[in-house]
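FYI, it's all coordinate maths here, none of it is from the lab. These numbers were taken from a predicted model, which means no experiment stands behind them. Cβ placement follows ideal geometry from the backbone for every residue including glycine, while neighbour counts extend to all protein chains displayed.
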Amino acid sequence: MFTAEERNSLRSGLLDRARHDTRLSGAAITGSAAIRGEDRWSDVDLAFAIRNAVELPNVLSDWTAQMYEQFGALHHFDLIAGAWTYRVFLLPNTLQVDLAFVPAADFRPLSPKFRLVFGEANEARQVPPQKIDDIIGLAWLYALHARSCIARQKHWQAEYMISGIRDNAFTLASIRHGVPAIHGRGWDQLPKSITNSFEGTLVRHLESTELVRAFQAAVSALLREIRNHDEVLAGKLEAPLTHLIETCFGVA
């Protein structure tokens, strides 16, 4: 396990390297450290502006080589979001290091968790929030597939689909209460009355009867959250979603 001192030293070393890399025009600390909110388990999040966009492949290659040669990285992968490339590394001490690279024209805060270290950043632009209709649509899609998976005796896949219903219902609850919704970041900040109401949606074992029970609980939680956002839509969806569960009782 890494220590806070190791994490801080690594971050400082990377920022020092960035200052001496003439291909970079700016750097920022992102994530929890940007708002002085780190704890024992926080990772390293840094963002860099590239002067010339054509240099992106070379910059990624050079910085990746350093992460492996100097810090012993075990593996990495990329997340692409618009003009941003997020290269995520795992170190032997379990420290996660996220290095984000973007052409200077797009170097800007995308959330309040952005603290400029050097260079200039463009005007902040918040990432658009998830659309509630899309979240609801994904949830009922998971419900359709949960029903068919239970009927086909595909129990592991059924569990996956039931979890998808629950996760999207949780996301709706998070939006309603104004806490972070992505990746479950704000779920533990929800009122106990809300989180307790979701406990029945957990699949405790893979018997068909248990899957149907959790499925029913997940759909109930989903309809409750849809009702809080759009009562008319909840009324339209209640009958078909309830019918999905009813058709499962014959196969469980």
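Give the label of the value calculated from the structure for Cα Rg over 2.2 N^0.38 Å, choosing from [x] 1.25; [y] 1.03; [z] 0.98.
Structure-derived value, by its label: [x].
Ordered by residue, what ³J(HN,Hα) values in Hz, to whole numbers, does the range 217-225 give under the Karplus form 6.51 cos²θ - 1.76 cosθ + 1.60, where θ = phi - 60° and Gly and Pro are x?
5, 5, 5, 4, 5, 5, 4, 4, 6
Could you list 140, 84 so that the one with the fewest beta carbons within 10 Å of its beta carbon is first and the one with the most is last?
The most exposed by this proxy come first: 84, 140.
Say we join alpha carbon atoms closer than 10 Å with springs in a Gaussian network model of the chain; which of 59, 219, 232 then has the biggest fluctuation?
So, out of 59, 219, 232, the one fluctuating most is 232.
Quick check on the chain: helices-only [θ] at 222 nm, where DSSP H runs of length 4 and up contribute -39,500 (n - 2.57) each and the sum goes over total residues. Nearest 500, please.
That comes out to -16000 deg cm²/dmol.
Of the listed peptides 233-239, 188-194, what is their order by residue-averaged count of other C-beta atoms within 10 Å, with the highest listed first?
For the peptides 233-239, 188-194, the packing ranking is 233-239, 188-194.
Return 17, 147 ranked ascending by Cβ neighbour count within 10 Å, so the fewest neighbours appear first.
17, 147
Can you compute 3J(HN,Hα) from phi for each residue in the range 65-78, using the Karplus curve 6.51 cos²θ - 1.76 cosθ + 1.60 with θ = phi - 60°, rounded to whole Hz and x for Gly and Pro?
Once θ is set to phi - 60°, the couplings for the range 65-78 become 4, 5, 4, 7, 6, 8, 10, x, 3, 9, 6, 8, 8, 10 Hz.
Take every DSSP beta bridge whose two residues both sit in the chain, then give the antiparallel share in percent to the nearest 5.
75 percent
Expressed as cubic angstrom per residue, what is the convex hull volume of the alpha carbon set of the range 4-118?
95 Å³
Across the range 229-244, in residue order, what do the Karplus-derived ³J(HN,Hα) couplings come to in whole Hz, using 6.51 cos²θ - 1.76 cosθ + 1.60 with θ = phi - 60° and x for Gly and Pro?
With coefficients 6.51, -1.76 and 1.60, one gets 9, 7, 5, 5, 5, 4, x, 5, 8, 4, 5, x, 5, 5, 4, 4 Hz.
Find how much the distance from residue 83 to residue 228 grows on full extension, using 0.36 nm per residue of separation minus their present alpha carbon separation; answer in nm with one decimal.
Contour length minus Cα-Cα distance gives 48.6 nm.
For 211, 10, 90, what's the fewest-to-most ordering of other Cβ within 10 Å of each Cβ?
90, 10, 211
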